[in-house]
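Each remark here refers to the structure printed beneath this line.
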Amino acid sequence: MTFSTDRMRTLFRQESSHFWFAGRRQLVTEALERYLDPGAGLVVDLGCGTGALCERLLQRGHEIVGLDYLRDGIGVTRENGGGASLAQADALAVPIRSASVSIVLLLDVLEHLDDDAALAEAVRILKPDGVLLVTVPAYPFLWSYRDEAAGHRRRYTRATLEAVLRRAGFVIEAVRYYQCLLLPGVIASRILGRRGPAQRDREDMPAEWLNRLFGSVTRLELTLGRWVRWPAGSTLFAICRTR
């Protein structure tokens, strides 16, 4: 799988304001605040993409390292003056010593890889009782051109995600859905976008008013999600611990 530098620049712009990325950032940030106080340990973002999330977490006081196989994405962040520690590395051969990391992030990464091998590396570098935060695309029936263009190997059901996490030896604390309230729109968009890039590009660059509206819906969902366990969603989010 490869992304052009131009595609990476597009993703970098999206990560700052697109409703989906903003919502995922809030989801991950709240989980980190629950499981790790700033300064309490090293966070490693495996498959960090452009590293934009690393920049945000660095600003919040976390010690974080971002690793990605694709050098172009990291380069985009550096072009924009980023200060996070970012490096090119393979998630299947992480250049970090064993049992040295407090939290590993695998955010929309497992679907690109041999997920058993990637999770084995996460287990290796995590301390005992270390935390893994994972997001993956949900529901095989949502497969579309977006998945093919991104180099996805699979989309997950709750059962298949839980199975691969347990197989790796993780203790699962929670598996939740993200983007439930907007799921009907996602289903329609993915059906329309099964054969080509046009619908994907519309999703990537929504009108400003629509992005604000969807952002408000997403924030409402995340707020209510502190008490409500949503029954469905286009993304699965898992929190696990090592033994």
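The values are calculated or read from the model by the stated rules, or taken from the named source; none is laboratory data. A quick note: this is a predicted structure, and the numbers were derived from the prediction, not measured. With ideal geometry, Cβ positions are generated from the backbone for all residues, glycine too; neighbour counts draw on all protein chains shown.
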Just wondering, is there one or more residues in the range 160-173 that are in contact with a strand residue (DSSP E or B) (Cβ under 8 Å, 6 or more places away or on another chain) and free of Cβ contacts under 8 Å to residues at least 40 places away in the same chain?
yes
Taking the criterion of being at pLDDT 95 or above and either farther than 21 Å from Ala232 by Cβ or assigned to a loop (DSSP other than H, G, I, E, B) (or both), would at least one residue in the range 189-200 satisfy it?
no
Return only the number of the condition from (1) closer than 23 Å to Glu148 by Cβ; (2) modelled with pLDDT under 95 that Leu236 does not satisfy.
(2)
When only residues in the range 142-166 that are among the hydroxyl-bearing types (Ser, Thr, Tyr) and assigned to a helix (DSSP H, G or I) count, which is nearest to Trp20 (Cα to Cα)?
Tyr145
Candidate set: the range 208-243, residues that are out of contact with any Lys or Arg (no Cβ under 7 Å at 6 or more places or on another chain) and assigned to a strand (DSSP E or B); chosen: the one surrounded by the fewest Cβ atoms within 10 Å (Cβ to Cβ):
Arg241
Determine which member of the set Asp90, Asp129, Asp115 is of a type in the set (D, E, K, R) and buried (at least 21 other Cβ atoms within 10 Å of the Cβ).
Asp115
Of all residues in the range 167-188, how many are assigned to a strand (DSSP E or B) and touching a Cys at 6+ places or on another chain (Cβ under 8 Å)?
3
Taking Thr135 and the conditions (1) part of a helix (DSSP H, G or I); (2) among the polar types (S, T, N, Q); (3) touching a strand residue (DSSP E or B) at 6+ places or on another chain (Cβ under 9 Å), which numbered condition does it fall short on, given that it satisfies the others?
(1)
Looking only at residues that are more than 15 Å from Ala120 (Cα to Cα), of a type in the set (Gly, Ala, Ser) and in a loop (DSSP other than H, G, I, E, B) in the range 72-102, which one is modelled with the lowest pLDDT?
Gly81
Qualifying residue in the range 149-171 (condition: surrounded by 15 or more Cβ atoms within 10 Å (Cβ to Cβ), closer than 24 Å to Arg202 by Cβ and polar (S, T, N, Q)):
no
Among the residues of the range 115-132, which ones are more than 18 Å from Leu67 (Cβ to Cβ) and part of a helix (DSSP H, G or I)?
Asp116
Residue check, Glu203 against (1) out of contact with any strand residue (DSSP E or B) (no Cβ under 9 Å at 6 or more places or on another chain); (2) of a type in the set (Asp, Glu); (3) not in a helix (DSSP H, G or I), all met but one. Which one?
(3)
Restricted to the range 172-182, and to residues that are among the hydrophobic types (A, V, I, L, M, F, W, C) and surrounded by fewer than 19 Cβ atoms within 10 Å (Cβ to Cβ), which residue is nearest to Leu224 (Cα to Cα)?
Leu181
